[in-house]
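To start, the structure under review is shown below, and the notes come after it.
The values are calculated or read from the model by the stated rules, or taken from the named source; none is laboratory data. These figures come from a predicted structure and were not determined experimentally. When we count neighbours, we look across all protein chains shown, and the Cβ atoms used for this are built from the backbone with ideal geometry, even at glycine.
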Amino acid sequence: MRRCLPLFAFAMIAPSGAARAQAHAAASARGPAPAAAHAPTASHAPHWTYEGAEGPRAWGRLDPAWSVCATGHEQSPIDLGGAVVAHKARIDERFSASPFVLFHNGHTVQAALERPSELSVEGGRFAAVQFHFHHPSEHTVNGKAYPAELHLVHTNTRGELAVLGIFIAFAPQDNPAFEALVSRLPHAAGDSVRFRAPVDLAGLLEDHAGEQEDVYSYHGSLTTPPCSEGVKWTVRARPMHASFRQMQRLVEVLGESARPVQPVHDRH
């Protein structure tokens, strides 16, 4: 299982000049290691975590409906850059500025979008319904993790899922678009904050509309129980950015919320 490093340790993989002056800071405070999900979990579902007896190695045994967590051959996250290599592509996402409710579900901080953007994947169109965060990044690149990862979750009319994953790396200054979120994070399970003014997702995610860039694409799964497979993953090689201070605020709320990387099997 991947060992989760203190936040300052991730400064070693930040872009040149990013937040290295702050690497001596104390590790950010961690709350309990709650779980994070791509979709709300039913109230009667078994309790699960990222550590201990109810951690990732046990997920497949906690509920018969979650057995694929242990037996599946297309599980996520995975290490990128080996069998799954980056390729040039244009991320065809039509971002819409949207109001949303930022909700602490006891697992992660999740934004329920009221005005979905649209993503085109493999010839089909998917509507974005929510985004949430993981610390550290769930996907790794040649064995290296980023401090955090944002997942923008999409669905289509057939109930299929597509997820756009975006790494979050350190920047030397605060990110104004990201500050709008971290300055109003709900801190306790059940708390929520409504963003009534539309939030510019393209700006928040540092979208480069119409540009070809390196992306990783593969077929995988939800990274939390029930670990359902058939998810179309697109992970952008280029990260979005946040300052060390902003990342600290996020991590203080999230705790550790990353499933270890899974075997690639015959995916490529």
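Data table
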| item | result |
| --- | --- |
| Selected residue (only one of Arg94, Arg57 is among the basic types (Lys, Arg) and at pLDDT below 90) | Arg94 |
| Verdict on Asp200 being in contact with a His (Cβ under 6 Å, 6 or more places away or on another chain) and in contact (Cβ under 8 Å) with a residue 24 or more places away in the chain | no |
| Subset of the stretch 204-235 that is out of contact with any His (no Cβ under 9 Å at 6 or more places or on another chain) and charged (D, E, K, R) - its residue that is nearest to Gln130 (Cα to Cα) | Asp207 |
| Check on Ala188, of a type in the set (A, V, I, L, M) and either touching a Gly at 6+ places or on another chain (Cβ under 7 Å) or at pLDDT 95 or above (or both) | no |
| Residue count for the stretch 44-69, restricted to those that are in contact with a Leu (Cβ under 9 Å, 6 or more places away or on another chain) and not in a loop (DSSP other than H, G, I, E, B) | 2 |
| Lone qualifier among Gly190, Gly255, Gly220 - being in contact (Cβ under 8 Å) with a residue 24 or more places away in the chain, under 20 Å from His104 (Cβ atoms) and surrounded by 16 or more Cβ atoms within 10 Å (Cβ to Cβ) | Gly255 |
| Candidate set from the stretch 72-89 (those that are among the aliphatic types (A, V, I, L, M) and assigned to a strand (DSSP E or B)); member that is surrounded by the most Cβ atoms within 10 Å (Cβ to Cβ) | Leu80 |
| Residue list for the stretch 114-172, restricted to those being under 21 Å from Pro239 (Cα atoms), more than 14 Å from the chain's Cα centre (by Cα) and polar (S, T, N, Q) | Ser117, Ser120, Asn142 |
| Residue within the stretch 90-104 that is surrounded by fewer than 18 Cβ atoms within 10 Å (Cβ to Cβ), of a type outside the set (Gly, Ala, Ser), without any contact (Cβ under 8 Å) to a residue 40 or more places away in the chain and touching a strand residue (DSSP E or B) at 6+ places or on another chain (Cβ under 8 Å) present | yes |
| Among residues of the stretch 118-135, those that are crowded, with 17+ Cβ neighbours inside 10 Å and under 16 Å from Ala89 (Cα atoms), counted | 2 |
| Close pairs (8 angstrom Cβ cut-off, 6 or more residues apart or separate chains): under 15 Å from His139 (Cβ atoms) in the stretch 158-169, outside any strand (DSSP E or B) and among the acidic types (Asp, Glu) anywhere | Gly165/Glu138 |
